[in-house]
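Note sheet for the following structure.
The values are calculated or read from the model by the stated rules, or taken from the named source; none is laboratory data. Quantities reported herein were computed from a predicted structural model and do not represent experimental measurements. Positions of Cβ are generated from backbone atoms using ideal geometry, with glycine treated the same way; all protein chains shown enter the neighbour counts.
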Amino acid sequence: MKRVLIAGGSYFIGKEITNELVNNGYEVTLLNRGNNKVNGVTQLVCDRNQKEEMKTLLKGKKFDCLVDVSGLNRLQTEIICDSIDTTELKKTIFISSSAVYDVEHLKARFREDDRMKANKYWGNYGTDKIEAERTFRTCMEKKQIPLTIVRPPYVYGENNYAQRESFIFEHIVMNRPVLIPDTNKKLQFIYAKDLAVIVRKLIEKTSEKTEIYNVGNSEYVTAKEWVQLCAQAVGKKVELVTFDYRKANRGVRDFFPFHDYDNVLNVDKIKSICPEETDFLTGLKNAYQWFQQEREHIIWKEGVQKNESEILKSSEL
């Protein structure tokens, strides 16, 4: 299956998947808004929310595999299912999320067959991903096209414009203390390049039905350990300040880039297929190199900086 259509493909996760497939001889076509020009691939410029535009653009184009990186909700999924020519389509891969699990009533590590439900941490994002998964299942099972759903936890690495590791790197470089929630919850990550390799192997894997895979590092880290590993990647010490945000009537996202719950998946199933993973510190060092190159282009969230300043100056600690 060499002809692959990637919905998305020019940012972060999609960019890594694109590079992985191109480097392994795949004929890659990207479907996105065209904000970034990508060399070595065919690029179809389109707003995936516009049904007629999508149908016109994809008419007569045939692919062996669809990889949907950018699908966020039911409508976007319906549109791409209705628009793509499926006469030669042999597999679809959908990048979903760990946000689909009923985390308020489950204990980590979450399994692929655990209950999906909206939760207070992810809100509409999680609900929309659930609906997108179900829409893909309905469409692909009706057409007897194997579907693979991939559920990652937090993704990190180069080109990550979500202010997570870069948020901590900035604090360390500027010798600013890092506020962490006193709950010190468990966090699981996957390196973007590792995720790209997994997608390629799942494309190559023979399957006849819908399959679901949690993906992520074998081991989790706590919030405190994550910040300390970021400091190791930078090569400097970090000042940690533990904060009881609930007592102070604050939200955890007011000062820290993750939701406050144990986001840890059972990844035994994918490890039987793709056991390799990048050492976490090595991945963070690579992410830090990218951060150094792109630092001047990152626009920091003023609200978070304001919250941090208020907390550190107040009696809330």
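Numbers below:
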| read-out | value |
| --- | --- |
| Boolean, residue 280 is farther than 23 Å from residue 120 by Cβ and among the aromatic types (Phe, Trp, Tyr) | yes |
| Residue check for residue 254: in the same structural domain as residue 149 (by TED's automatic domain parsing) and either more than 30 Å from residue 143 (Cα to Cα) or crowded, with 22+ Cβ neighbours inside 10 Å (or both) | no |
| Filter result for residue 138 (assigned to a helix (DSSP H, G or I), without any contact (Cβ under 8 Å) to a residue 40 or more places away in the chain and surrounded by fewer than 16 Cβ atoms within 10 Å (Cβ to Cβ)) | yes |
| Filter result for the condition that a residue is in contact (Cβ under 8 Å) with a residue 40 or more places away in the chain and within 26 Å of residue 64 (Cβ to Cβ), over 170, 208 | 208 |
| Residue in the range 246-264 that is of a type in the set (A, V, I, L, M, F, W, C), in contact with an Asp or Glu (Cβ under 6 Å, 6 or more places away or on another chain) and at pLDDT below 95 present | yes |
| Output for the range 114-135, where each listed residue is touching a residue at least 24 places away in the same chain (Cβ under 8 Å) and within 18 Å of residue 152 (Cβ to Cβ) | 121, 122, 125, 126, 128, 129, 130, 132, 133 |
| Helices (runs of 4 or more DSSP H) wholly inside the range 9-117 that include at least 1 residues being of a type in the set (Ser, Thr, Tyr) and under 21 Å from residue 139 (Cα atoms) | 51-58, 74-83 |
| Some residue of the range 122-144 being over 19 Å from residue 207 (Cβ atoms) and of a type in the set (Phe, Trp, Tyr) | yes |
| Within the range 141-158, tally of residues that are of a type outside the set (A, V, I, L, M) and either surrounded by 15 or more Cβ atoms within 10 Å (Cβ to Cβ) or under 13 Å from the mean Cα position of the chain (by Cα) (or both) | 9 |
| Single unsatisfied condition, residue 169 versus (1) over 27 Å from residue 19 (Cα atoms); (2) not assigned by TED's automatic domain parsing to the domain that holds residue 16 | (1) |
| The range 106-135, residues that are surrounded by 17 or more Cβ atoms within 10 Å (Cβ to Cβ), out of contact with any helix residue (DSSP H, G or I) (no Cβ under 6 Å at 6 or more places or on another chain) and over 27 Å from residue 219 (Cα atoms) | 128 |
| Which listed residue, of 107, 59, is among the charged types (D, E, K, R) and either under 16 Å from the mean Cα position of the chain (by Cα) or under 21 Å from residue 252 (Cβ atoms) (or both) | 107 |
| Hey, residue 201 assigned by TED's automatic domain parsing to the domain that holds residue 27 and at pLDDT 95 or above or not | yes |
| Residue ranges of strands (runs of 3 or more DSSP E) in the range 159-242 with at least 1 members over 21 Å from the mean Cα position of the chain (by Cα) | 178-181 |
| Residue check for residue 218: more than 28 Å from residue 310 (Cα to Cα), small (Gly, Ala, Ser), in contact with an Asp or Glu (Cβ under 9 Å, 6 or more places away or on another chain) and exposed (fewer than 14 other Cβ atoms within 10 Å of the Cβ) | yes |
| Residue match in the range 176-183 (condition: assigned by TED's automatic domain parsing to the domain that holds residue 299 and polar (S, T, N, Q)) | yes |
| Set 91, 143: member being in contact (Cβ under 8 Å) with a residue 12 or more places away in the chain, farther than 20 Å from residue 214 by Cα and in the same structural domain as residue 9 (by TED's automatic domain parsing) | 143 |
